[in-house]
Amino acid sequence: MATKTNPKPDGVADKQTTSAKTYEGLSREQLIEAYRIMYTSRKLDDREILLKRQQKIFFQISGAGHEAVGWAAGITLKPAYDWFYPYYRDRALCLALGATPLDMLLMAVGAADDPQSGGRQMPSHWGFSKLNVVTQSSPTGSQVLQAVGCAEGGRYFAAHPEAAHKSAGDYRQFKDVQLHGDEVTYVSLGDGTTSEGEFWEGMNTASNRKLPVLFVVQDNGYAISVPVEVQTSGGNISRLVAGFPNFHFEEIDGTDPVASYAAFARTVAYCRAGEGPGFIHAHVIRPYSHSLSDDERLYRPDAERQLDATRDPITRMQMFLIREGILDEKGINKLEKQVEDELQVAVDQALEAALPIADTVMRYIYSPDLDPTSLAFATEPASDAAPADGKKIAPKTMADLINATLRDEMRRDERIVIFGEDVADASREQYLEEKLIKGKGGVFKLTYGLQHDFGSDRVFNSPLAEANIVGRAVGMATRGMKPVVEIQFFDYIWPAMMQLRDEMPLIRWRSNNAFSCPAVVRVAIGGYLTGGAIYHSQCGESIFTHTPGVRVVFPSNALDAAGLLRTAIRCDDPVLFLEHKRLYRETFGRAPYPGPDYMIPFGKAKIVQAGTDLTVITYGAVVPRALQAAQKLEREHGVKVELIDLRCLNPFDWDAIATSVSKTNRAIIAYEDTLSWGYGAEIAARIADELFDHLDAPVRRVAAKDVFVAYQPILEDAILPQAEDLLRAMKELSEW
Ligand SMILES: Cc1ncc(C[n+]2csc(CCOP(=O)(O)OP(=O)(O)O)c2C)c(N)n1
Ligand SMILES: [Mg+2]
């Protein structure tokens, strides 16, 4: 910077002109810039703490003590090129990537223009779409599997560049893909968060697939009040992860910017070259308690805190700059004053910023661009799908048509990948190539032949880990892919619950539409299996219809399954697609192949049978049972039941229900799940609320007993709603 022809900038120490010393390749200018970023980060925390005490902001969590490692990550990685899943201590990282203090203060006040979420998410839960910093939640560790999926997405697009092209007529029109081929995905977490299972699942997959993911554990020795030796056996995470193959490992003093930079430079080079993932274990300090709600003096003695203070990265860096003659005291003071003046301007601006408007709260729960309830998703079954020779083809089962729909869509859209437990034909491809085996294709064979047709990078087995499946799918879908993943049994969906409840449905809303993840999760659900017992028979759809942001579909027959699955795949929202195991191969509801473009809009019920005396609202495997009961009731008693198959549970077809109940004046909601707090409760409440004047009888529910499904068929029959139970209820209500 300073040469003989240019006078030395004020405050830059004399040594600079004489020394050519570099620090792990860092120039003096870069070191001064490092201090500027680190100091800005610390002072921003200080300003926010003040603002919180003045009740001008509502939450504060600091990056204090983590500034050096954050800065080092920020200058070795590339904003808007690499991808970032940071955690709340990554303020310095985000500043180094190009986020401004004003951006951060807008988050703190919850301004309308808060770039992370428009006032929806807490400050320090970073999200800057322009920099590829992906919207962050608060559950610790849920970012890890998403980062893995994001990295997989990058690799996939590099191998299938045509898949990155935009395409009209489906979600791809609204989903840009950035592709460089050597991008790295950064993910960070604290020492305590390494205790979460999802961390280990992410490490395992990144290792196994040699993915370019850079894991950074910022170890400040505490998770709120719990010290690291309680979290981590032996007290050192590096020791525990050392056995994962394909990694480049570093364990560093994360309060030293120069050492941190060197470690990041080595690790990023390794990841970028495609050698595998990196793991940086950075020992840092936490000088400001966990957050403003915590007082660490309650669990840390003064001596321990004072020892930490001797490693404070801000004072260390200040001393380093002076000792090395890079800045003198005057230079330090000048830089600090500049930073503080700039912060004052940003604070004033943020406090004046427009606040979000209350009636925008329902915006961006779902895609504003593509409405899956619209006529764009209503097509007729193709009449020419039958063979040209006019031969009548045997109607297909639900399993057949789901398989055919997946095959058609994979052919149409190269962004689709399918993974889950056992979904591949065979992971050991050579067995297939040598024709030694036929292949599996799912425990219910729904994905049979897809690996054979589309290759092992598009259809593959996951580890036996449901969070792994959904978390990776969320990351891939955020990155632009269309993962259509399978959960083998609904009964085992719960390990994925954090991703299904707190992540997948929320990516769009919490980022104020900056990010989205329109993944499809197919799940085999339900009982009536004879022997399925407790853990292969569960329903539980209302738990998901209770979650804003995810579409929930539950078809009862082959044709609906095909039409709705296609809509699920082409739409721009995350979808939970529930497939009843008992219906996969039933005679009921078989249908001819409806062609490769057959779609049914979401939220449109099907009137299975028209009637005038009583409305029965149902879905899934209760549909054939209710139909049987309704037909018997008409035969024996002349009562005409209007039977409504909802097909889609969120959104659901309120208009169809209202029209029918206004006509019949009587309603039963029938469902296979346990009675209390179930899906029928919401429909019943809404009928009572909005159709009260039309009712001639109480609203009834017919559902399973409030107990899990038992193994012995006598018990199973007694627990699940049977045609006779439905018949009895229908007769009773019709006579009311
Ligand atoms: C799944 C989950 N459990 C609990 C919490 C509450 N919580 C927030 S931060 C935190 C401690 C995290 O410690 P660590 O990972 O070491 O990060 P640090 O805050 O020390 O940087 C806890 C328990 C949470 N946010 N998410
Ligand atoms: Mg910690």
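The values are calculated or read from the model by the stated rules, or taken from the named source; none is laboratory data. The structure presented is a predicted model; accordingly, all values stated were derived computationally and were not measured. Here the Cβ is made from the backbone with ideal geometry for all residues, glycine too, and neighbour counts use every protein chain on show. With ligands, DNA and RNA removed, areas are computed over all heavy atoms of the protein, side chains included. Shrake-Rupley method; radii C 1.70, N 1.55, O 1.52, S 1.80 Å.
Quick notes on this one:
- Along its three principal directions, the equivalent ellipsoid of the range 45-85 from the Cα gyration tensor extends over semi-axes of 28, 12, 7 Å, largest first.
- Of all accessible heavy-atom area on the chain, the percent that carbon and sulfur account for (1.4 Å): 53
- For the chain, share of DSSP beta bridges that run antiparallel, in % to the nearest 5: 15
- Principal axis dimensions, largest first and in whole angstrom, of the range 131-225 by Cα: 52, 26, 22
- Of K166/K581; K396/K640; K705/K731, pairs whose Cα-Cα distance is over 28 Å: K166/K581; K396/K640
- Protein heavy-atom accessible surface, 1.4 Å probe, per residue over the chain: 39 Å².
- Semi-axis lengths (Å, descending) of the ellipsoid that matches the C-alpha gyration tensor of the range 517-604: 22, 19, 9
- Folded to 0 to 90 degrees: helix 28-53 orientation relative to the chain principal axis, Cα: 60
- Looking at the range 357-446, the GluC sites (Glu not before Pro) that sit in a DSSP loop and have at most 12 other Cβ atoms within 10 Å of their own Cβ are E434.
- Alpha carbon convex hull of the range 283-386, projected area averaged over orientations, nm²: 17.2
- Counting only lysines at least 8 places from K330 when in the same chain, those with an alpha carbon closer than 20 Å to its own are K8, K15, K43.
- Relative counts (whole %) of C-alpha pair distances in the chain, using bins that are 10 Å wide: 3, 13, 21, 22, 17, 12, 7, 3, 1, 0, 0
- Net +/- balance of residues flanking E201 in space, Cβ distance below 15 Å, scoring K and R +1, D and E -1: -4
- Of M481, M498, the residue with the largest accessible area leads and the full order is M498, M481 (1.4 Å probe).
- Net charge over other residues, Cβ less than 11 angstrom from the Cβ of A111 (K, R count +1; D, E count -1): -4
- Degrees, to the nearest 10: 558-570 long Cα axis against longest axis of the chain: 20
- Cubic angstrom per residue, convex hull over Cα atoms of the range 563-702: 126
- Rounded to the nearest 10 degrees, the angle from helix 723-734 to the longest Cα principal axis of the chain is 80 degrees.
- Rg to Rh, two decimals, where the range 301-361 supplies the alpha carbon set and Rh follows Kirkwood: 1.26
- Scoring 323-332, 298-307, 608-617 by mean Cβ neighbours within 10 Å over their residues and listing the highest first yields 608-617, 323-332, 298-307.
- Within the range 220-343: Cβ-based charge dipole about Cα centre, in debye rounded to nearest 20 (Lys, Arg +1; Asp, Glu -1): 300
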